[in-house]
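Quick note: the coordinates plus some simple rules give every number you see, no bench work behind them. The shown structure was predicted, so the numbers you read here are calculated from the model rather than taken from an experiment. All Cβ positions, even for glycine, are placed from backbone atoms using ideal geometry, and neighbour counts span all protein chains on display.
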Amino acid sequence: MKMSKQFLFTLMTTILLIAMLAACGEQSAQPTPQAEPVQEEPAPEEAVGAEEAAPAEEESSEAGEEIIIQHWYHQYGEDGTFEAAQRYAAEYSEQTPGVTVEVNWVPGDYFAALNAALLTEGGPDVFELQTADIARVKAGQLEPLDSLFEGVQDDFNATALSRVTVDGKIYGVPMIIDPQLVFYRKSALEEAGIEPPQTMDELIAAAAALDTGRVKGLYLGNDLGSASYLLYMSTFAAGTTMLDGNTVAFNTDQNIKMWQKKQELAQSGNLLVGAPTEWWDPSALVDGLAHMQYIGLWATPGMLAAMGDDLGVMPWPAVDDSAQPAVFIGGWNQSINANSPHKQAAMDYVKWLWIENTDIQQDWNLSYGFHVPPRKSAATSADPLKSGPAAEVLQLMDEYGATPSVLWTGAMDSAYIDAHSEVLLNGADPTEMLNQAQTAVQAELDSLLNQ
Amino acid sequence: MAVQNSTYDTANLAQKKNRARRDALSFWIFVGPLVIGLMLFVYIPIVWGFILSFFEARNTVSPTQYVGLTNYIELFKDPRFFDSLVMIIAYSIFIVPVTFALSLGLALLVNSVSRGQGFFRTTFFIPVACSYVIASVVWKMSLFNGLPSGFANNILWWVFGANPVAWINTTDPPLYWIVLVTVRLWLQTGFYMIIFLAGLQEIPHSLYEAAAVDGAERGWKTFRYITFPLLRNTSISVLLLLFIEAVQAFDEFRNILGGGGGTSIAGGTQILARPPLVYLYNVAFQDQNYGRGAAGAFIIAALIVLVTVLQGRILGFGKREY
């Protein structure tokens, strides 16, 4: 009895130790594109001190030693994007001895994962951002990339560059431009005898006229259009921007009116709710759940394939005749981690991929979804963008396109979006909510600029 | 004789010392990993977070810029945090009695079953083992989705002949509460039922027999005068646990109503019912304001401690029952 007890004891101890070692081991990035992102939620206290299971990097910047560059992308919706990203990485790794690029495809909440990783030393070397906002620059997370743009800066779309330029320095390479507008089914509008709406009143009337009960008039997302980009777009369409230098600019009578109109739209019952996918997926329009949908250029291939000539596009209507309609110019940029141990190698990689290699840029922008290549030369020579709704989008983008300033941070977003959601979803008073948002955003801006 | 004895004693003593050392070693081998884990993932982050809450920490978790109580004061002035506090208190006032009554009822029913008690106990307890995230996703995507094919909408159609309803996105009436409350009840009731069952089984049968002799049959009378009073300590512990779990609500709200605004592309439905922990999670991870997020977490912790202590005092937790 004594012997077997000891044996059991030793065995259990060994198993425990092996289990501990296995748990502390490396995790290889084997992402599988998921249909629905499932979000994990550690409590705030836990994550503050949590360790990141960062893939092991052979930390050495000596020539001749193997350098591994971690490249993070968010999960793109279009098929084939993951394989393409890996292909580019493999191509570069092959032609560059001593450097291997590893692609990490992050499903679900990309920014939560990215933000957490950037706090540690094991963060990615190259990653995507939508804007190089000033908070990140001040925290020293982004490497200035001006040297990569020598000689080619003029070829880049000015609005796209403005999203990554802080204090005159460039902190990201624009990779794709995503204009967002409202797409609609032409035949439905013709049947109802209405023109594409130019003002908010016309939009409300159009949504009502197009609501047949079985098919709703307009789809803005299951949250009735509370998401950020539509909010920016409607702010521009109210004739104002969000920030003017270092003061809040969005609390104007016109914007109050715009929020009132949007509240009216949200409460009208003509908006589609409970759709199986969100606004960035064209199925609501394509499957005939709604006649108009807020979505971006990226979904155009699928929409064209399903609707052909029946696809129309228009900018977000102006608040009234005194303002202009708006098109939101979004997009993704590639930035380099200022704390990366392989900065030079990463910069060479990014330069090869996103500045020099125009074939890859066109492939990435046009072969899977439709995005506008940030380089003007690539955009004008791109065949898919020369005709049909895509060409119209480019034209509208040039005429009405706008984007927030780089002073606009995630914290200001939260305050602005929350106030807006209260108005749309909880029926709050737009004046009161805009005042509340102004206070919160101004406080954020002040503390940011005083740092 | 004496020499032999002392040799025997020395040998015995040495053996005992070895034994004690081995016991201590085995204790630490088994408890060690747990203690290390607790230190690394619970205690150190708590202390770190507490220190961080007194610093201005944006986009970083290193305390560099001391600001004293600013984070706490700003949070108290923040209308969104205030809204979330009001919401969670109202939510607790509703959910705690409901879960209490439901789990007590279930425990009484299961206790009264003569055969197959183990089966029923297990059945009601299994949901407790299910992850909150998985249950929330199933509730959102499958049971209460807005499509005609969703489970709840199917019931609406076949039983009431009503059109499909967007359960999560309808604000008037606020149907999303049905989704949120049912998922929590499904996940939690089994656990408290087990606690009540344990409490019920400690009540001596002789009391019921004496009551029967006096003419009181099993039913409301015995429940009111025998069962419930003798469950006092159990009830108080259950109430304490329920309140703590209610104030810490996070998983189902975030997974059913969405991750929220900020530059994430998720939607704004989060605002419909946002508990403090969800708001603080946004503050810390989307707004990247870790100092303020940490401060908020400690405000919530203080709230829980305060209510727990008050509850204990008022309800007399720990006093002997008879």
Going from the fewest other Cβ atoms within 10 Å to the most, one would list A:216, B:16, A:186 as B:16, A:186, A:216
Going fewest to most other Cβ atoms within 10 Å around each Cβ, A:214, B:274 line up as A:214, B:274
Shielding of A:110-116 by other chains, given as the mean Cβ count within 10 Å, works out to 4
Once the in-chain neighbours fewer than 8 apart are removed, the aspartates and glutamates whose Cα is under 13 Å from residue A:351 read A:146, A:150
Residues other than residue B:88 with Cβ under 12 Å of its Cβ, Lys/Arg counted +1 and Asp/Glu -1, net out at -1
Rounded to a whole number, the mean other protein chain Cβ count within 10 angstrom for residues of B:162-168 is 2
In deg cm²/dmol, rounded to the nearest 500, the helical mean residue ellipticity at 222 nm of the protein assembly as shown, built from -39500 (n - 2.57) for every DSSP H run of length 4 or more, is -16000 deg cm²/dmol
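Would you mind putting B:138-151, A:84-97 in packing order, based on average other-beta-carbon counts within 10 Å, highest first?
Descending packing order for the listed peptides: B:138-151, A:84-97.
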Per residue convex hull volume, Cα only, the stretch A:179-236, in Å³ is 96
Straight-line reach check, residue A:186, cutoff 25 Å on alpha carbons, 8 or more apart in-chain or any other chain, hits among lysines -> A:216, A:261, A:262, A:386
For the pair residue A:426 and residue A:4, the simple spin-label estimate (label points 7 Å beyond Cα toward Cβ) gives in nm 6.5
Protection proxy (average C-beta count within 10 Å per residue), highest first, orders B:186-197, B:58-69, A:141-152, A:174-185 as A:174-185, B:186-197, A:141-152, B:58-69
With R₀ set to 35 angstrom, the calculated FRET efficiency between the beta-carbons of residue B:133 and residue B:20, to the nearest 0.05, is 0.15
With Cα coordinates, the longest principal axis of chain A makes an angle with the long axis of helix A:228-237, in degrees rounded to 10, of 30
Using eta = 0.890 mPa s and T = 25 °C, Stokes-Einstein with Kirkwood Rh from Cα pairs puts D for the stretch B:70-315, in µm² s⁻¹, at 120
Each residue of A:406-416 has, on average, a number of other protein chain C-beta atoms within 10 Å of its C-beta equal to 5
In degrees rounded to 10, the 0-90 angle between helix A:81-95 Cα long axis and the longest Cα principal axis of chain A is 50
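Using a cut-off of 13 Å between beta-carbons, work out the net charge of the residues near residue A:81 (Lys and Arg +1, Asp and Glu -1, residue A:81 not included).
Values: positive: A:87; negative: A:78, A:79, A:83, A:128, A:363.
After counting each charged neighbour, the total is -4.
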To the nearest 10 degrees, the tilt of helix A:253-267 (Cα long axis) against the first principal axis of the alpha carbons of chain A is 90
Cβ-Cβ cut-off under 15 Å around residue B:127, Lys and Arg +1, Asp and Glu -1: the net charge is -1
Residue separation between residue B:10 and residue B:112 times 0.36 nm, minus their alpha-carbon distance, gives in nm 30.7 nm
Share (percent) of C-alpha pair distances in the protein assembly as shown greater than 46 Å works out to 32
